[in-house]
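Working notes, structure below.
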Amino acid sequence: MRHEELQKTLERAKRCLARRDYGEKELFTYLLQKGHARTDVEQVVKMLQSSGLLADLRYAQAYCRGRIQRGYGPLRIQQELQQKGVDSDIIAEAMRKQNVDWTALVEKVRVKKFGPSKPDSFEAKQKQIRFLNYRGFDHSLVADVI
């Protein structure tokens with residue numbers, strides 16, 4: 001009976017990983033929510049880590065790429081990964097491996113949202129700054145663009 005439960009947990013975890021990468025904590029939480037025993041989940045996560053099917057660095061890199069393509073800045077991406085339980089060292093490594101010109105990205109995001117012309121009023125400038133800060137770009141990047 002015990003082996004069957006462990007096998008079911010492993011199969012569910014592999015089905016999840018076949019769809020997309022998961023962070024270790026994210027997969028752990030998901031399996032617990034689906035009613036699997038904590039000991040089985042712990043064992044499955046360790047098995048998947050040792051086999052290389054579950055890796056926080058790979059997950060963080062894929063997450064970074066996806067969020068960068070959608071126009072999010074480094075601060076927002078780091079915050080989201082921290083909320084998903086990824087270690088800060090892994091986040092820093094994943095961010096380092098992204099070859100991104102943040103200034104070009106913030107300009108691209110600004111132009112997509114507000115058009116090519118620079119803001120001409122104080123209110124318009126503040127609106128663009130708030131939007132870009134919300135997207136995760138720090139003040140110095142935003143100031144360079146606006």
Review point. Hey, any hits in the stretch 42-51 for a residue that's free of Cβ contacts under 8 Å to residues at least 40 places away in the same chain and under 25 Å from Asp138 (Cα atoms)?
Key: no
Study note, to complete from the structure: Exception for Leu53 within (1) farther than 30 Å from Arg96 by Cβ; (2) not in a helix (DSSP H, G or I) falls at (1)
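For the stretch 68-101, give me each residue that is hydrophobic (A, V, I, L, M, F, W, C), outside any loop (DSSP other than H, G, I, E, B) and touching a Gly at 6+ places or on another chain (Cβ under 7 Å).
Residues satisfying the conditions are Leu75, Ile77.
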Check your understanding: Here are Val100, Val111, Val142: which of them is β-branched (Val, Ile, Thr), out of contact with any Pro (no Cβ under 9 Å at 6 or more places or on another chain), surrounded by fewer than 19 Cβ atoms within 10 Å (Cβ to Cβ) and over 30 Å from Thr9 (Cα atoms)?
Key -> Val111
Practice item. Only one of these is under 12 Å from the mean Cα position of the chain (by Cα), of a type in the set (Lys, Arg), part of a helix (DSSP H, G or I) and more than 24 Å from Tyr134 (Cβ to Cβ): Arg65, Arg15, Arg58. Name it. Key: Arg58
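Any read-out appearing in this document is the output of simple, stated calculations on the displayed coordinates, not a laboratory observation. Note that the structure is predicted; figures quoted are calculated from it, not measured. Heads up, the Cβs are rebuilt from the backbone with ideal geometry, glycines too, and the neighbour counts pull from every protein chain shown.
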